[in-house]
Amino acid sequence: MTTRGRIIRSLSGFYEVETPSGPVTCRGRGSLRRQASPLTGDLVEITVEQGKGMVEKILPRRNRFIRPAVANVDALAVFAANVNPVTEPFLIDRVAAIAADQQVSVYILVNKCDLDAGERLTEIYRHAGFPVIQTSAETGQGIEELRSLLTGKLTAFTGNSGVGKSSILNRLCPELTLATGEVSEKLGRGRHTTRHVELYSLGKDTFVADTPGFSSFDTDQMDLILKENLQYAFPDFAPYLGKCQFHDCAHRKEPGCAIRTAVDSGDIEPTRYESYLRLYDKSSQIKAWEL
């Protein structure tokens, strides 16, 4: 029997595919090696014989990400915190730029607000034009506002380890009882309690992908953006693009740069511009064929 479904879990070469008849555990056909590897969120064509499934084909993707390893998402919810572990804005900005490059919406969740409200992080990203919600799994702050944003979408939760993604998902859907971990007070980072990407249903047409956390060392494993496209991946730059003295301005050291003027005047957050410069340096090292 041949049918179609969505991969809701990928682990050690096995794929759990949700089909109209229920979940089916599958292996991947060897011919898939000539395609991209299947990802959680992929829509696939499978064959089922005697209760065992085989992924035959990956259907066309709307988008896909390397880290988190997920496909066909409507939005990324980027978790951050201003307390153990403190999130470096560059981590947020890199994920947000990767999403923007694929025309995927981004929400910023400033979590653990029962311990620290994270006002500066909230200010930075609201100023940059992102939807920002201050949340707490302990008190329930922001949970209903978040639920409203998630409704009708497939949203991937992502962020640094220990920032509380699984805890918020448990608060949204208490019957999940996902494992959560303690954060090292000495190192200021969490352990990876989520080991793989998995989709969870929060109701009709609403799904969340819980993903493994990352650290600043993991950013080199993330998707790359060509330097020519990077300026468009910062939506807060948009009002100033095309207004520089030089049409090919890289917004670094060129005179008459509208982006740098906006930073100096406070219209663009300095941390956002610093992240742009760091990403530009990384992007300058790649060629189009490497993508």
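General remarks:
- Criterion: surrounded by fewer than 20 Cβ atoms within 10 Å (Cβ to Cβ) and either without any contact (Cβ under 8 Å) to a residue 24 or more places away in the chain or β-branched (Val, Ile, Thr) (or both) - qualifying residue of Thr122, Thr87: Thr122
- When residues of segment 239-291 are limited to those that are part of a helix (DSSP H, G or I) and among the hydrophobic types (A, V, I, L, M, F, W, C), the one farthest from Pro89 (Cα to Cα): Trp289
- For Arg195: the one exception among (1) part of a loop (DSSP other than H, G, I, E, B); (2) open to solvent by 20 Å² or more (accessible area, probe 1.4 Å); (3) at pLDDT 95 or above: (3)
- Candidates are the residues of segment 20-45 that are in contact (Cβ under 8 Å) with a residue 24 or more places away in the chain and among the basic types (Lys, Arg); the one that is nearest to Ile8 (Cα to Cα) is Arg27.
- Subset of segment 250-291 (residues that are open to solvent by less than 20 Å² (accessible area, probe 1.4 Å) and either at pLDDT below 90 or aromatic (Phe, Trp, Tyr) (or both)): Tyr276, Ser283
- Selection of segment 1-33 for residues being among the charged types (D, E, K, R) and surrounded by 13 or more Cβ atoms within 10 Å (Cβ to Cβ) yields Arg4, Arg6, Arg9, Glu16, Glu18, Arg27, Arg29.
- Residue count for segment 136-159 under the criterion of being more than 18 Å from the chain's Cα centre (by Cα), open to solvent by 80 Å² or more (accessible area, probe 1.4 Å) and among the polar types (S, T, N, Q): the result is 2.
- The listed residues are Ser166, Ser201, and the only one of them that is at pLDDT 85 or above, within 30 Å of Leu43 (Cβ to Cβ) and open to solvent by less than 30 Å² (accessible area, probe 1.4 Å) turns out to be Ser166.
- Test for Gly129: is it closer than 21 Å to Pro235 by Cβ, assigned to a loop (DSSP other than H, G, I, E, B) and within 19 Å of the chain's Cα centre (by Cα): yes
- Test for Leu149: is it in contact (Cβ under 8 Å) with a residue 24 or more places away in the chain and part of a helix (DSSP H, G or I): yes
- Members of segment 109-119 that are open to solvent by 10 Å² or more (accessible area, probe 1.4 Å) and touching a strand residue (DSSP E or B) at 6+ places or on another chain (Cβ under 7 Å): Lys112, Cys113, Asp116, Ala117
The values are calculated or read from the model by the stated rules, or taken from the named source; none is laboratory data. Remember, it's a predicted structure, so these values are computed and weren't measured experimentally. Neighbour counts are summed over all protein chains in view; Cβ atoms, including those assigned to glycine, are modelled from backbone coordinates with ideal geometry. Ligands, DNA and RNA are stripped out before the accessible areas are found, and what is left, the full protein with its side chains, is counted by its heavy atoms. Shrake-Rupley method; radii C 1.70, N 1.55, O 1.52, S 1.80 Å.
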